[in-house]
């Protein structure tokens, strides 16, 4: 009888310790909702009030990144021209959401203390919109969610996919 009480006490103690150790993990899975008027910082980062938000699952060219697109094609010969794809990515996001009411759902923050979030303008998923129009790429290191939209943009030769470019994470490593 005494031995059974000790076993029950130990079992309850272990369960209680396990619960207390994992409680923060369970609590952190609740989304943080951030909404308000958006200001675009670059092609994958926005600001709502004082909250910096990195768009989840996508990566856009950096502000100073240069890409190439066809300028002139004659038969089998093609000439490319450089263009500022990072600036274009930022401009396209600005034209879509700047100074509009945006709602973002975040589950965590990155090492720079930015919220990582999926953001919506009305019912449009902004993250998806950037990738499916070729202004950003799916950031496979962190998510597979937008790969199918990237493949469609690539197939249709939209945005970045009209020409050649380095993936943003490769370009950043070189700088």
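A few points about this structure:
- What the Cβ-Cβ distance of residue 154 and residue 83 gives, at R0 = 25 Å and to the nearest 0.05, is a FRET efficiency of 0.90.
- Take each peptide in 48-55, 151-158, count the other Cβ atoms within 10 Å of every residue, and average; sorted highest first, the result is 48-55, 151-158.
- Size descriptor, Kirkwood hydrodynamic radius, that averages inverse alpha-carbon separations across the stretch 31-174, Å: 15.5 Å
- The simple Förster model, with R0 at 41 Å and r as the Cβ-Cβ distance, assigns residue 39 and residue 73 a FRET efficiency of 0.60.
- Debye intensity ratio I(q)/I(0), log10, the stretch 32-112, q values 0.19, 0.27 Å⁻¹ (C-alpha model): -0.83, -1.27
- From the alpha carbon centroid of the stretch 74-98 to that of the stretch 43-72 is 12 Å.
Throughout, read-outs are computed from the coordinates displayed, never taken from laboratory work. Everything numeric in this text was worked out from a predicted model, so none of it was measured. Cβ sites come from the backbone with ideal geometry, for glycine too, and all protein chains shown count toward neighbours.
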